[in-house]
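Reading through the structure tokens given below for one structure.
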Amino acid sequence: MAENKKKFFDKVKTNEYYVRWGKNPYTYVTAAILLSLFQIVTFSVTRNPWGVSNAFAYWGAWVFEALGGSVDKWYFFASSGAQSILEEGFLNHAATWRNIGVITGALAATLLASGFKIKKIKSPKQIVAAVIGGLMMGYGARLALGCNIGAFYSGISSLALSGWVFAIGLFIGAIFGSKLLVKYFM
Amino acid sequence: MKEVMLDCYGEACPVPLVKAQNKIKELEVGDVLIVQIDHSCAMKNVPEWARKEGYNVEVEEIDDGEWEVIIEKSK
């Protein structure tokens with residue numbers, strides 16, 4: 001039985017279609033076309049352009065409220081739109097489900113390619129960089145009212161000037177970030 | 001004809017690429033650089049850069065989510 005199972009997976013491993021669709025990474029062009037198609041789907045279904053990081057602010061607000069806090073007076077959640085999202089809860093929040101889909105989809109893809117690995121943390125520097133970088137990205141994305149998806153990708157693809165302004169900031173930030181990276185991580 | 005291992009496990013992009021670029025400068029023509037990675041995007045950008053430089057490149061899957069990019073400094 002175990003022998004048969006092993007043979008089966010040996011066969012799958014070399015199967016031409018598995019190698020092409022499950023194992024090898026897709027080209028940038030294929031991925032770009034798929035992203036474009038799926039953002040049209042998400043736009044027409046949810047009536048909102050694709051975004052990622054905005055949902056995290058609501059996750060934070062729900063956690064804060066579950067612990068007994070209140071964000072009613074916070075400027076960020078002051079609009080009636082934001083208040084109704086908070087009231088409807090995360091089960092009715094499309095962006096939340098989409099983000100969960102992104103995470104489970106990424107896990108499924110890496111398992112399918114048998115490329116899953118829990119990575120070791122090499123140095124404390126990595127923790128410091130991840131925490132500082134994460135906080136800055138999250139805070140910056142809220143100040144800019146969008147991240148590289150909501151403000152940049154969805155902005156430019158809907159012909160908004162703001163997307164291009166964001167792109168300039170992103171580019172300058174990337175240059176600055178790479179310099180820091182080479183300085184502290186090489 | 002040396003063989004040099006470059007441990008980039010646990011390093012995210014673009015660290016493996018920059019490390020490989022720096023390391024290969026120290027090597028002689030004919031030497032082999034083996035870059036150990038576990039970040040799948042490095043599996044794309046490290047070979048891409050090395051091929052553009054005109055080196056011989058091979059990628060080997062060592063284990064689940066671990067690869068070795070073998071670069072021969074052929075010129």
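None of the figures in this text is laboratory data; all of them are computed from the coordinates on show. Keep in mind it's a predicted model, so treat the numbers as computed, not measured. Positions of Cβ are backbone-derived with ideal geometry, glycine not excepted, and every protein chain shown enters the neighbour counts.
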Limited to the stretch B:17-58, what total is found for residues that are closer than 21 Å to A:ASN24 by Cβ, in contact with a strand residue (DSSP E or B) (Cβ under 8 Å, 6 or more places away or on another chain) and surrounded by fewer than 16 Cβ atoms within 10 Å (Cβ to Cβ)? 3
Give the residues of the stretch A:15-73 that are in a loop (DSSP other than H, G, I, E, B), closer than 29 Å to A:ILE156 by Cα and more than 14 Å from chain B (Cβ to nearest Cβ), sorted by residue number. A:ARG47, A:ASN48, A:PRO49, A:TRP50, A:GLY51, A:VAL52
The number of residues in the stretch B:1-40 that are of a type in the set (A, V, I, L, M, F, W, C), touching a helix residue (DSSP H, G or I) at 6+ places or on another chain (Cβ under 9 Å) and outside any helix (DSSP H, G or I) is 8
Suppose we keep only residues that are of a type in the set (Lys, Arg) and either within 12 Å of chain B (Cβ to nearest Cβ) or not in a helix (DSSP H, G or I) (or both) within the stretch A:94-130. Which one would you say is farthest from A:GLY22 (Cα to Cα)? A:LYS125
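Looking only at the stretch A:154-186, count every residue that is in a helix (DSSP H, G or I) and more than 14 Å from every other protein chain (Cβ to nearest Cβ) and tell me the total.
So the answer is 18.
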